[in-house]
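Okay, structure first, notes after.
Quick note: the coordinates plus some simple rules give every number you see, no bench work behind them. Since the structure is predicted, the reported quantities are computational estimates derived from the model, not experimental observations. Glycine also receives a Cβ, built like all others from the backbone with ideal geometry; neighbour counts cover every protein chain displayed.
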Amino acid sequence: MDYADLREAVYNHLCTNVPAVSNRVFWSYTAPKNTERPYLVMYFTGELPSINTYCGVWMQFDVLCFGEEANILSLDPIADLVVSSLHKTDITTPLGRTIRPEYNRDSRVDYWDEDSRSNVIRLKFWIPTDLW
């Protein structure tokens, strides 16, 4: 399993298919303090032992949508676009593999990030990564 290949594929896809953020997509904890909003942060949150089987291994990743301090309503269309651009969409990785992320329903969570003074919407996705 090549996590760098998976990570790069999702990153490139978000940069290309969510024009409201274009080049403001970051890996976990790498967004500069005063980044123009809205922006996205993507990170892996681990393998999913509860659904891993002899048929394959699933990896979960999150996309955080960071928006204006006082206006979470402006962030909803960006979160919607992230879901529609990734959910059950074939994405080719730099190494030529095809992955198909799935949005994990009931995972959309709003919260406040004090460090960036931003409203945030968290979205969870699954990727089948390897077959046994």
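Summary of values
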| read-out | value |
| --- | --- |
| Extension gain, N34 back to E8 (0.36 nm per residue minus Cα-Cα distance, nm) | 7.0 nm |
| Built amide H within the under 5 Å cut-off of S28, gap 5+ | M42 |
| Dipole magnitude (debye, nearest 20) for the chain, charges at Cβ of Lys, Arg, Asp, Glu | 180 debye |
| Mean residue ellipticity (222 nm) of the chain, computed from DSSP H runs ≥ 4 via -39,500 (n - 2.57), nearest 500 | -6000 deg cm²/dmol |
| Two-decimal log10 I(q)/I(0) for the chain, as the Debye equation yields it once each C-alpha is a single scatterer, q = 0.11, 0.17, 0.21 Å⁻¹ | -0.37, -0.86, -1.26 |
| Calculated from backbone phi, Karplus (6.51, -1.76, 1.60) coupling profile of region 15-20 in Hz, x at Gly/Pro | 4, 7, 9, 10, x, 5 |
| Residue-wise HN-Hα coupling along region 110-125, computed from phi with Karplus coefficients 6.51, -1.76, 1.60 (Hz; x: Gly, Pro) | 8, 7, 10, 10, 5, 4, 9, 6, 10, 6, 9, 10, 9, 10, 10, 10 |
| Rounded tilt (10° steps) of 76-86 against the dominant C-alpha axis of the chain | 20 degrees |
